[in-house]
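Beneath this line is the structure, given in structure tokens, with notes to follow.
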Amino acid sequence: MRAMQHRKAVVFLVFLASFTIVYSSVAFFALSKAPAQAFIGFGVFASNGSLSNYYQNSGAPNVTIGQTLNWHLQIANRIGRVQLAEIVVRMGNLTTIAPTETGPANAPDIEESIITVPNGENSTVNFDWKILSVSHPGRLTYLNLEINGKQVKPLIGAVSGQGFRLIFELWTFEGQSGSFQYGYSGDNGRVGNWLILWFNSAS
Amino acid sequence: MVIFASLPKTGSSQPNTPADAWSKIVKAFSTLQTADTDGAPHESIVTLSNQLNTALAYYNNATILAAQNNTAAADKYSTLSINISTNVASEAKTLDDTARNQQLARQELAYGTAFVLAVVSAALVVEVDRIQRLFRKKRTVRIERESS
């Protein structure tokens, strides 16, 4: 009788341990977040909200002096937590090395915008710009720009004013380094995110 | 005997610079991100993010004015930014504490329920023959009652 009770107790403990593991696993999965592809989307929209006709010239990328262009830079945060994002705008030409998955362009930055973007939300930053004047110290054309009300004179010139590039890069704040880093932290390391719009100075 | 003491000027402090404002924004953002990761309500995170964007706008004005050597105006905007950032940091901390407590309570309930179910399941398995005998006895009594 005593041996039977002892055996029953041992059997009870073995089953208790097994069921505890099984039900605890179910509880763990019930408490866990559903897996999802983490990313941050980045887009430049024309004044009419489209992804085309940026220059209002039937698509031709020619910008005249005094012509104001109102673009919207949109960040879509699907990374799983709120982000402090920075959009770095650079001016480049035909010889500029474009950004890559791992590093920014080798061009001077002419504008920066910082914005907090909650997870699951889209945030928009205005990019209103125009060419105030041009100068031709040599073969190259240099621009005097106004961007979001600020005057900027990039040290980048283009032959005959052709082949300028506006490079938009997404940077995100990393707590560990206490600074903005190029791209965002993806599932397998940092992911570069950038956009380039070409234009010619039609003066 | 009367002792005269020089009272400290109330409200006198070092002016807030754009660098101070940025430091507060970073701190507020870090606290907000921690609260978000710990499960704070999405609507609250959105509200505090909008406030932090206002702080960023003031900070942006401060840096522009500082670049124009307008230190007084730059410090004024820095102060405005700092006030908002400080509030965001404080509210985010409260949200984080609440979220962590709720998360702990959810975990305790989930794993506690799992353990109770495990006990009940193990007991049912061990006592299955006794339960079968009990059901057989009840069925016999019911049949005898129906036949009489």
query = Exactly one of (1) within 22 Å of A:Glu146 (Cα to Cα); (2) under 18 Å from the mean Cα position of the chain (by Cα) is unmet by A:Asn119. Its number?
reply = (1)
key: Qualifying residues in segment B:40-70 (those that are in contact (Cβ under 8 Å) with a residue 24 or more places away in the chain and closer than 12 Å to B:Thr17 by Cβ) - the one nearest to the other protein chains (Cβ to nearest Cβ)   = B:Tyr59
query = Could you say whether any residue in segment A:60-71 is surrounded by 11 or more Cβ atoms within 10 Å (Cβ to Cβ), away from every other protein chain (no Cβ under 14 Å) and in contact with a Gly (Cβ under 7 Å, 6 or more places away or on another chain)?
reply = no
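State yes or no: is A:Arg2 surrounded by 14 or more Cβ atoms within 10 Å (Cβ to Cβ) and not hydroxyl-bearing (Ser, Thr, Tyr)?
When the stated conditions are applied, A:Arg2 does not pass them.
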message = With the requirement that a residue be under 23 Å from B:Thr31 (Cβ atoms) and at pLDDT below 95, what does segment B:64-98 give you?
response = none
key: Residues of segment A:5-53 satisfying the condition of being exposed (fewer than 13 other Cβ atoms within 10 Å of the Cβ) and either touching a Cys at 6+ places or on another chain (Cβ under 9 Å) or among the aromatic types (Phe, Trp, Tyr) (or both)   = A:Phe29
query = Do you know which residues across segment A:1-52 are free of Cβ contacts under 8 Å to residues at least 24 places away in the same chain and either part of a strand (DSSP E or B) or more than 13 Å from chain B (Cβ to nearest Cβ) (or both)?
reply = A:Met1, A:Arg2, A:Ala3, A:Ala34, A:Pro35, A:Asn48, A:Gly49, A:Ser50, A:Leu51, A:Ser52
inquiry  = Can you say whether A:Gly149 is within 30 Å of B:Val88 (Cβ to Cβ) and without any contact (Cβ under 8 Å) to a residue 24 or more places away in the chain, as far as the supplied structure shows?
reply    = yes
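Quick one: count up the residues across segment A:116-151 that are among the β-branched types (Val, Ile, Thr) and within 14 Å of chain B (Cβ to nearest Cβ).
Keep residues of segment A:116-151 that are among the β-branched types (Val, Ile, Thr), which gives A:116-117, A:124-125, A:131, A:134, A:141, A:147.
Keeping just the survivors that are within 14 Å of chain B (Cβ to nearest Cβ) gives A:116-117, A:124-125, A:147.
Going through segment A:116-151 one residue at a time, the tally reaches 5.
If only one of B:Thr98, B:Thr86, B:Thr94 is more than 24 Å from A:Asn126 (Cα to Cα), more than 8 Å from chain A (Cβ to nearest Cβ), touching a residue at least 12 places away in the same chain (Cβ under 8 Å) and out of contact with any helix residue (DSSP H, G or I) (no Cβ under 7 Å at 6 or more places or on another chain), which one is it?
Working: B:Thr86 fails: out of contact with any helix residue (DSSP H, G or I) (no Cβ under 7 Å at 6 or more places or on another chain); B:Thr94 fails: touching a residue at least 12 places away in the same chain (Cβ under 8 Å).
Only one candidate qualifies: B:Thr98.
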request  = Tell me which of these B:Thr140 doesn't satisfy, since it passes every other one: (1) within 14 Å of chain A (Cβ to nearest Cβ); (2) modelled with pLDDT of 85 or more.
outcome  = (1)
Test set (1) touching a residue at least 40 places away in the same chain (Cβ under 8 Å); (2) under 24 Å from B:Phe29 (Cα atoms); (3) not polar (S, T, N, Q) - A:Tyr55 fails condition number = (2)
task = Confirm whether A:Ile79 is touching a helix residue (DSSP H, G or I) at 6+ places or on another chain (Cβ under 7 Å), among the β-branched types (Val, Ile, Thr), within 14 Å of another protein chain (Cβ to nearest Cβ) and buried (at least 18 other Cβ atoms within 10 Å of the Cβ).
result = no
task = Answer yes or no: is there a residue in segment A:178-198 that is in a strand (DSSP E or B), touching a Lys or Arg at 6+ places or on another chain (Cβ under 7 Å) and of a type in the set (Val, Ile, Thr).
result = yes
request  = Looking only at segment B:24-39, count how many residues are under 17 Å from A:Glu174 (Cα atoms) and within 10 Å of chain A (Cβ to nearest Cβ).
outcome  = 11
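Looking only at segment B:32-62, filter to residues that are among the hydroxyl-bearing types (Ser, Thr, Tyr) and surrounded by fewer than 20 Cβ atoms within 10 Å (Cβ to Cβ); which one of those is farthest from B:Asn16 (Cα to Cα)?
First, pick out the residues of segment B:32-62 that are among the hydroxyl-bearing types (Ser, Thr, Tyr): B:34, B:37, B:44, B:47, B:49, B:54, B:58-59.
Those still in the list that are surrounded by fewer than 20 Cβ atoms within 10 Å (Cβ to Cβ) too: B:34, B:37, B:44, B:47, B:54.
Numbers: B:Thr34: 26, B:Thr37: 31, B:Ser44: 28, B:Thr47: 25, B:Thr54: 17 Å.
Checking each candidate, the answer is B:Thr37.
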Residue identified as more than 29 Å from B:Lys27 (Cβ to Cβ) and of a type in the set (A, V, I, L, M) among A:Leu73, A:Leu94, A:Leu84 = A:Leu94
task = Sort through A:Pro99, A:Pro154 and tell me the only one that's more than 14 Å from chain B (Cβ to nearest Cβ), outside any strand (DSSP E or B), in contact with a Leu (Cβ under 7 Å, 6 or more places away or on another chain) and surrounded by 14 or more Cβ atoms within 10 Å (Cβ to Cβ).
result = A:Pro154
key: Number of the condition not met by A:Gly192 [criteria: (1) surrounded by 16 or more Cβ atoms within 10 Å (Cβ to Cβ); (2) touching an Asp or Glu at 6+ places or on another chain (Cβ under 8 Å); (3) within 14 Å of chain B (Cβ to nearest Cβ)]   = (3)
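The values are calculated or read from the model by the stated rules, or taken from the named source; none is laboratory data. All values derive from a computational prediction rather than experimental measurement. Backbone-built Cβ (ideal geometry, glycine too); neighbour counts: all protein chains shown.
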